[in-house]
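Peer 1: Just dropping this structure here.
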Amino acid sequence: MVLNRKLSAAALAAFSLASCAAFAPPKKNAPAIHINEDPYPSTYVAYPGVPTAIRGATVFDGEGGQIANGTVILADGKVQAIGGPDLPVPAGVQVIDGTGKFVSPGVIDVHSHLGDYPSPGVESLSDGNEATSPVRPEVWAEHSVWPQDPGFSRALVNGGVTTLQILPGSANLFGGRSVVLKNVPARTVQGMKFPGAPYGLKMACGENPKRVYGSKGNMPQTRMGNIALARETWIKAVAYKRKWDKYYAKGGDMPERDLAMDTLKGVLEGKILVHNHCYRADEMANMIDMSKEFGYHITAFHHAVEAYKIADLLRDNGICAVMWADWYGFKMEAYDGIKENIPLVHNAGACAIVHSDDPNYIQRLNQEAAKALADGQRAGIPNLSEAVAWQWLSYNPAKALGIAERTGSLKPGKMADVVLWNADPFSTYARPERVWIDGALMYDANDPKRRPVSDFELGQPGEGDVK
Amino acid sequence: MIRAVVSALLVAAATPAAAQTIAIVNGLVATGDGSGPVQGATVLLRDGRVVAAGQGVRVPPDAQVIDASGKWVTPGIVAGFSRLGLADVDLGANGADDTSARNGPFSAAIDVAPAINPLYTPIAVNRADGVTRALVAPATAKSIFAGQGAVIDTGADMDAVTKARAFQFVELGETGANDAGGSRASAHILFRNALREARELSRYAQPVRSAREGTPDERSLPVVRNPNESRVYGPEARRSEDVLLTRFDAAALVPVLQGRQYLLVHVERASDILQVLDLAREFSSLRIVLVGASEGWLVADRIARSGIPVIASAVNDLPASFEQIAATQSNVGRMLAAGVKVSIGMIDDNDTRQLFNERQYAGNLVGLTKVPGATGLSWGEALAAITSGPAKAIGMGGQIGSLTPGAHGDVVIWSGDPLDTRSAAEAVFIDGVRQPLETHQTRLLERYRYLPRRDLPEAYRY
């Protein structure tokens, strides 16, 4: 479709040139040529699956519902039906006994650097921060993703992670574009890209940008420098967008393209979602005001360690808070981390999300949610349950990635991204037993060949081992 | 928080621990020795020590009785390898991080004990989550030797150090190679040279002796004198011309060489582990403990034969570096199955703050027993790996991390199974003293749990 649009635009341009030469009419703007906004398109194709029904399991639907002795039917890559023990299973469908087990939507991590900071963590593979300027919206995380990062497989088999957003690092105020991936191994990053998922823009406030550049004697050296430089950048972006809006409306000479500004224009148009690394409550408030000043929306604050202090503000502005369960104190802006952050944000009516930012924690996001849930319940925060808490792991993340219509919960018609857990996933003892992505069985604990092994690990000690 | 801690101190001072007899009754008690929990058991503490634990323990009439019906009771968690108390904030907070001395002249001589701050937030946060003791190691800077680590308690008082100079810490893997100028070969020759220099000085050291004071357990323990009081600094203690270490550093390695001080050696890859086993054979007086050992399972039988204990990372399963290519969460279980004395530490894993994660990691190792092809730990083994295991590794078995009679009275009453992260510590005793569980974090929760505006700003809520 994109290709067609490009061709027809080029044809039109050619026609208008020809007409100029032939008739020499009064000078008229050439029609605008639309820039291809998807030059690195997804080539992901779901793998074949077997129509499957899981019966007798406890089911978290991902949107706050729970079914005891539930039935979930997957076929053609989609969730076909979800219900109780009476839900009829069509003939020819493989039936899995889920007695004593649990079914959930696949876990979605909105904050990962897998592929960009892969294992092994050596300099040659360190591709997460283009720390050469605090303003780098022109870089795209997907162009750093190494699909052979063994971390993807660990997230799948131990964490039940089926979708993840890879973000650039936080050295920069504008770190670049994110990419949303299906956790299905491929030779290319294009082969992993979640079809049609919107891009994200990684922004950062606080200590990291000012430390990275301030230590080199460059701007920003302070938090006020952070904000000033970000505002100056948005002023340019607004002007850039105006130029292109005019061009698209009236045609004429195509404005000069600026890759960095293309991304920010996408944000201002609402096509690219802002994922803003920001710890402190006061800084989040500053970022919210900046977004209003320039007319964009912040989708989510990541690492929002102090979200609980402004949970009302986040709710009122429709911003998700992306949080750890119990990390604190690793730097000053994390000093006020508390264990009830996630449930307090949830309780305020804001969108709460559990994230990892880490190749180890991504394997245990269910346990992180479990800690937050238990801490919240102990603190007397009302209306919390396992089913409610599962929203922090799949549905809310899907919303923050703009893919909630397609995955993140077990609603019929959605992608069959599903985990069968061998026990209650809020227990520390639970593990994924099987993981389906788009209805294809990508992991089976009982089948040693049904687990991915990256190229890097082939022929090395521990190839294909349980991990 | 300061106020809370100070008031806790006052409470502690008003009720001396020595007078207390505490009986925790009706709990589901696990002693940390590797066995599973026992129903309806009693833990009896007197004068800060464990008197008895188990079923049928008689409760003296003067005991303060605490009913633990429906609760789990265990020894406090022992952080097997940590940097707890050395930093309040890790990054960009000048003055709040003493984990390593990048610009200092000393290495092996460094003794972390003076740097421990019992009032740092992570001590309270971990105390509130049932961590009662920790092995605290310095980090290396420009030498393969990091210095001497301590064993501390997390009590809300100013006396954190249980045992100063409990061990020397050395890096002989990738970090050691970097510290040594770029190769493992360099690290090994630096290590041998350091022992040579220590041997030279050891001629002037006092003969090995035991302490006369302390508990029966402590009396049998070797004593590491404060190097500042050592005769090896005197003018008569002559050294060769060709030395690399400062006198203090060489002197600090004398007790290591004599086997009076444990040597914790951090290595990850299988071949590095075997090199350390060779060193242990060559220098047979060394009391080595392996730290890390992500690829230990590849050479588990040889580690087992050496008898050298291992404090391992629990759930490393990524080839995060070229020395961890074969990392798997089954490592600990496979080593244990091979007969290795293995416990768990937080090696370069949020080691200043998140020690409470150890019980989650231990629980994960139990979970592995249900994964086909994986090797996990039984519940009792997993608890031992975070209580008695690290204590035994450094010769403090029966003193900490255990409910053995005579052990420090470090006991936690849990809301449920402590290896399930959903459980919380409801009461924490250290040396028989009930601890405050309030922290900077709990104070913040109280302040911000209700956000609607009131008559005064949030800053007035405390």
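The values are calculated or read from the model by the stated rules, or taken from the named source; none is laboratory data. In this text the structure is predicted, and so the values were computed from the model without any measurement. In this analysis, Cβ positions are derived from the backbone assuming ideal geometry, glycine residues included, and neighbour counts consider all displayed protein chains.
Peer 1: Does segment A:50-82 hold any residues that are in contact with an Asp or Glu (Cβ under 7 Å, 6 or more places away or on another chain) and assigned to a loop (DSSP other than H, G, I, E, B), and which are they?
Peer 2: If the condition is that a residue be in contact with an Asp or Glu (Cβ under 7 Å, 6 or more places away or on another chain) and assigned to a loop (DSSP other than H, G, I, E, B), then A:Gly77 is the only one that fits.
Peer 1: All but one of (1) over 19 Å from B:Glu323 (Cα atoms); (2) among the acidic types (Asp, Glu); (3) at pLDDT 95 or above hold for B:Glu174, so report the exception by its number.
Peer 2: (1)
Peer 1: Now for a different question. Do we have any residue at all in segment A:361-379 that's touching a residue at least 24 places away in the same chain (Cβ under 8 Å), part of a loop (DSSP other than H, G, I, E, B) and at the interface with chain B (Cβ under 10 Å from one of its Cβ atoms)?
Peer 2: Looking for residues that are touching a residue at least 24 places away in the same chain (Cβ under 8 Å), part of a loop (DSSP other than H, G, I, E, B) and at the interface with chain B (Cβ under 10 Å from one of its Cβ atoms), one finds at least one in segment A:361-379, hence yes.
Peer 1: Please go through segment A:407-431 and pick out each residue that is free of Cβ contacts under 8 Å to residues at least 24 places away in the same chain and either away from chain B (no Cβ under 14 Å) or crowded, with 24+ Cβ neighbours inside 10 Å (or both). Lay out the reasoning, then the answer.
Peer 2: Filtering segment A:407-431 for residues free of Cβ contacts under 8 Å to residues at least 24 places away in the same chain gives A:429.
The answer is none; no residue qualifies.
Peer 1: Among the listed residues A:Ala228, A:Ala249, A:Ala239, which satisfies the condition of being surrounded by fewer than 21 Cβ atoms within 10 Å (Cβ to Cβ), touching a Pro at 6+ places or on another chain (Cβ under 8 Å) and not aromatic (Phe, Trp, Tyr)?
Peer 2: Values: A:Ala249 fails: touching a Pro at 6+ places or on another chain (Cβ under 8 Å); A:Ala239 fails: touching a Pro at 6+ places or on another chain (Cβ under 8 Å).
Criteria check complete, one pass: A:Ala228.
Peer 1: Can you tell me which residue is farthest from the other protein chains (Cβ to nearest Cβ) among those in segment B:86-119 that are under 22 Å from B:Asp159 (Cβ atoms) and among the acidic types (Asp, Glu)? Spell out the reasoning first.
Peer 2: Filtering segment B:86-119 for residues under 22 Å from B:Asp159 (Cβ atoms) gives B:86-88, B:96, B:98-99, B:110-119.
The next check asks that each one be among the acidic types (Asp, Glu); those that pass are B:88, B:98, B:111.
Values: B:Asp88: 7, B:Asp98: 15, B:Asp111: 24 Å.
If we take residues in segment B:86-119 being under 22 Å from B:Asp159 (Cβ atoms) and among the acidic types (Asp, Glu), then B:Asp111 is farthest from the other protein chains (Cβ to nearest Cβ).
Peer 1: Now for a separate question. When you go through B:Val224, B:Val208, B:Val232 one by one, which is the residue that is under 24 Å from the mean Cα position of the chain (by Cα) and either modelled with pLDDT of 95 or more or not hydroxyl-bearing (Ser, Thr, Tyr) (or both)? Write out each step before concluding.
Peer 2: On the way: B:Val208 fails: under 24 Å from the mean Cα position of the chain (by Cα); B:Val232 fails: under 24 Å from the mean Cα position of the chain (by Cα).
The match here is B:Val224.
Peer 1: Restricting attention to segment B:346-396, which residues are among the small types (Gly, Ala, Ser), within 11 Å of another protein chain (Cβ to nearest Cβ) and part of a helix (DSSP H, G or I)?
Peer 2: At the first step, the residues of segment B:346-396 found to be among the small types (Gly, Ala, Ser) are B:362-363, B:367, B:373-374, B:376, B:378, B:380, B:382, B:384-385, B:388-389, B:391, B:393, B:395.
Narrowing the set further to residues that are within 11 Å of another protein chain (Cβ to nearest Cβ) leaves B:362-363, B:367, B:373-374, B:376, B:382.
Correct list: B:Ala362, B:Gly363, B:Gly367, B:Ala382.
Peer 1: Where the second residue is assigned to a loop (DSSP other than H, G, I, E, B) and polar (S, T, N, Q) and the first is without any contact (Cβ under 8 Å) to a residue 12 or more places away in the chain and farther than 24 Å from B:Leu86 by Cα and lies in segment B:354-375, which pairs have Cβ atoms under 7 Å and are six or more apart or on separate chains?
Peer 2: B:Gly367/A:Thr428; B:Lys370/A:Asn422; B:Pro372/A:Asn446
Peer 1: Out of B:Ile77, B:Ile123, report the one residue that is closer than 27 Å to A:Asp336 by Cβ, in contact (Cβ under 8 Å) with a residue 12 or more places away in the chain, within 14 Å of another protein chain (Cβ to nearest Cβ) and under 18 Å from the mean Cα position of the chain (by Cα). Spell out the reasoning first.
Peer 2: Details: B:Ile77 fails: within 14 Å of another protein chain (Cβ to nearest Cβ).
It is B:Ile123.
Peer 1: For segment B:331-345, what are the residues that are within 12 Å of chain A (Cβ to nearest Cβ), touching a residue at least 40 places away in the same chain (Cβ under 8 Å) and surrounded by 23 or more Cβ atoms within 10 Å (Cβ to Cβ)? Explain how you work it out, then say what you get.
Peer 2: Applying the first criterion (within 12 Å of chain A (Cβ to nearest Cβ)) to segment B:331-345 yields B:331, B:333-334.
Pick out the ones that are also touching a residue at least 40 places away in the same chain (Cβ under 8 Å) and you get B:333-334.
Of everything in segment B:331-345, just one residue is within 12 Å of chain A (Cβ to nearest Cβ), touching a residue at least 40 places away in the same chain (Cβ under 8 Å) and surrounded by 23 or more Cβ atoms within 10 Å (Cβ to Cβ), namely B:Gly333.
Peer 1: If we keep just the residues of segment B:412-462 that are among the aliphatic types (A, V, I, L, M) and assigned to a loop (DSSP other than H, G, I, E, B), which is farthest from the other protein chains (Cβ to nearest Cβ)?
Peer 2: So the first thing to find is which residues in segment B:412-462 are among the aliphatic types (A, V, I, L, M), and the list is B:412-413, B:419, B:424-425, B:427-428, B:430, B:433, B:437, B:444-445, B:451, B:456, B:459.
From what is left, the residues that are assigned to a loop (DSSP other than H, G, I, E, B) are B:419, B:424, B:437, B:451, B:456.
Working: B:Leu419: 6, B:Ala424: 6, B:Leu437: 12, B:Leu451: 5, B:Leu456: 16 Å.
Per the criteria, the residue is B:Leu456.
Peer 1: Kindly establish whether A:Asp326 is under 18 Å from B:Tyr450 (Cβ atoms) and within 13 Å of chain B (Cβ to nearest Cβ). Break it down stepwise before answering.
Peer 2: Numbers: under 18 Å from B:Tyr450 (Cβ atoms): no; within 13 Å of chain B (Cβ to nearest Cβ): yes.
No; evaluated as a whole, the condition is false for this residue.
Peer 1: Filter segment B:128-167 down to the residues that are surrounded by 24 or more Cβ atoms within 10 Å (Cβ to Cβ) and within 14 Å of chain A (Cβ to nearest Cβ) and list them by number.
Peer 2: B:Asp129, B:Gly130, B:Val131
Peer 1: Please verify whether segment B:353-369 includes one or more residues that are closer than 22 Å to B:Glu174 by Cα and at pLDDT 95 or above. Break it down stepwise before answering.
Peer 2: The first filter runs over segment B:353-369 and keeps only residues closer than 22 Å to B:Glu174 by Cα, leaving none.
Checked segment B:353-369: no residue is closer than 22 Å to B:Glu174 by Cα and at pLDDT 95 or above.
Peer 1: For segment A:122-201, which strands (runs of 3 or more DSSP E) that fit wholly inside it have 1 or more residues that are closer than 17 Å to A:Glu37 by Cβ? Spell out how you get there, then give the answer.
Peer 2: Values: elements: A:161-166, A:174-177, A:179-182.
Answer list for segment A:122-201: A:174-177, A:179-182.
Peer 1: Another question about this same structure. Within segment B:313-329, does at least one residue satisfy the condition of being within 24 Å of A:Asp465 (Cβ to Cβ) and away from chain A (no Cβ under 14 Å)? Before you say what the answer is, go through the steps one by one.
Peer 2: Step one: list which residues in segment B:313-329 are within 24 Å of A:Asp465 (Cβ to Cβ), which gives B:313-329.
Filter once more, keeping what is away from chain A (no Cβ under 14 Å): none.
Within segment B:313-329, not a single residue is within 24 Å of A:Asp465 (Cβ to Cβ) and away from chain A (no Cβ under 14 Å).
Peer 1: Is it the case that B:Asp97 is over 30 Å from A:Ala374 (Cβ atoms), among the acidic types (Asp, Glu) and over 14 Å from the mean Cα position of the chain (by Cα)? Spell out how you get there, then give the answer.
Peer 2: Numbers: over 30 Å from A:Ala374 (Cβ atoms): yes; among the acidic types (Asp, Glu): yes; over 14 Å from the mean Cα position of the chain (by Cα): yes.
In short, yes.
Peer 1: Another question about this same structure. Can you pull out every residue in segment B:243-271 that is of a type outside the set (Lys, Arg), more than 14 Å from chain A (Cβ to nearest Cβ) and in a helix (DSSP H, G or I)?
Peer 2: Initially, segment B:243-271 is screened for residues of a type outside the set (Lys, Arg), giving B:243-246, B:248-259, B:261-268, B:270-271.
Pick out the ones that are also more than 14 Å from chain A (Cβ to nearest Cβ) and you get B:243-246, B:248-259, B:261-267.
Result: B:Phe248, B:Asp249, B:Ala250, B:Ala251, B:Ala252, B:Val254, B:Pro255, B:Val256, B:Leu257.
To keep it simple, each residue is scored yes or no on (1) among the polar types (S, T, N, Q); (2) in contact with a Pro (Cβ under 6 Å, 6 or more places away or on another chain); (3) within 11 Å of chain B (Cβ to nearest Cβ).
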{"residue": "A:Ala400", "(1), (2), (3)": "no, no, no"}
{"residue": "A:Val435", "(1), (2), (3)": "no, no, no"}
{"residue": "A:Asp444", "(1), (2), (3)": "no, no, yes"}
{"residue": "A:Asp447", "(1), (2), (3)": "no, no, yes"}
{"residue": "A:Gln460", "(1), (2), (3)": "yes, no, yes"}
{"residue": "A:Gly464", "(1), (2), (3)": "no, no, yes"}
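Peer 1: So how many residues does segment A:334-356 have that are in a helix (DSSP H, G or I) and surrounded by fewer than 24 Cβ atoms within 10 Å (Cβ to Cβ)?
Peer 2: Of segment A:334-356, the ones in a helix (DSSP H, G or I) are A:334, A:341-347.
Still in the list and also surrounded by fewer than 24 Cβ atoms within 10 Å (Cβ to Cβ): A:334, A:347.
Matching residues across segment A:334-356 total 2.
Peer 1: Take the conditions crowded, with 17+ Cβ neighbours inside 10 Å and in contact with a strand residue (DSSP E or B) (Cβ under 8 Å, 6 or more places away or on another chain) and apply them to A:Ser153. Does it pass? Break it down stepwise before answering.
Peer 2: Working: crowded, with 17+ Cβ neighbours inside 10 Å: yes; in contact with a strand residue (DSSP E or B) (Cβ under 8 Å, 6 or more places away or on another chain): no.
Against the criterion (crowded, with 17+ Cβ neighbours inside 10 Å and in contact with a strand residue (DSSP E or B) (Cβ under 8 Å, 6 or more places away or on another chain)), A:Ser153 does not qualify.
Peer 1: Separate question: Could you please tell me which pairs satisfy a Cβ distance under 6 Å, a separation of 6+ or placement on different chains, a first residue in segment A:169-185 that is closer than 26 Å to A:Ser133 by Cβ and of a type in the set (S, T, N, Q), and a second residue that is surrounded by fewer than 24 Cβ atoms within 10 Å (Cβ to Cβ) and at pLDDT 95 or above?
Peer 2: A:Asn172/A:Arg136
Peer 1: Considering only residues that are among the acidic types (Asp, Glu) and over 29 Å from A:His303 (Cβ atoms), which ones fall in segment A:72-129? Break it down stepwise before answering.
Peer 2: Step one: of segment A:72-129, the residues among the acidic types (Asp, Glu) are A:76, A:86, A:97, A:109, A:116, A:123, A:127.
Within segment A:72-129, A:Asp76, A:Asp86, A:Asp97 qualify.
Peer 1: Let me ask something else. Where in segment B:73-179 are there strands (runs of 3 or more DSSP E), lying wholly inside it, with at least 1 residues that are farther than 30 Å from B:Val38 by Cβ and out of contact with any Pro (no Cβ under 8 Å at 6 or more places or on another chain)?
Peer 2: Numbers: elements: B:77-82, B:131-136, B:145-153, B:161-171.
In segment B:73-179, B:131-136, B:145-153, B:161-171 are the strands (runs of 3 or more DSSP E) which contain 1 or more residues that are farther than 30 Å from B:Val38 by Cβ and out of contact with any Pro (no Cβ under 8 Å at 6 or more places or on another chain).
Peer 1: What is the residue count in segment B:243-296 for residues that are aromatic (Phe, Trp, Tyr) and over 18 Å from the mean Cα position of the chain (by Cα)?
Peer 2: Within segment B:243-296, the subset aromatic (Phe, Trp, Tyr) is B:248, B:262, B:283.
Those left that are additionally over 18 Å from the mean Cα position of the chain (by Cα): B:248, B:283.
Number satisfying all stated conditions: 2.
Peer 1: I'm told A:Lys202 meets every condition in (1) in contact with a Ser or Thr (Cβ under 7 Å, 6 or more places away or on another chain); (2) within 24 Å of A:Phe294 (Cβ to Cβ); (3) surrounded by fewer than 22 Cβ atoms within 10 Å (Cβ to Cβ) except one. Can you identify the failing condition by its number?
Peer 2: Among (1) in contact with a Ser or Thr (Cβ under 7 Å, 6 or more places away or on another chain); (2) within 24 Å of A:Phe294 (Cβ to Cβ); (3) surrounded by fewer than 22 Cβ atoms within 10 Å (Cβ to Cβ), A:Lys202 violates only (3).
Peer 1: Only residues in segment B:283-295 that are touching a residue at least 12 places away in the same chain (Cβ under 8 Å) count as the first member; pair them with residues that are hydroxyl-bearing (Ser, Thr, Tyr), Cβ under 7 angstrom, at least 6 apart or cross-chain, and list the lot.
Peer 2: B:Arg287/B:Tyr262; B:Val289/B:Tyr262; B:Gly292/B:Ser313; B:Ser294/B:Ser313
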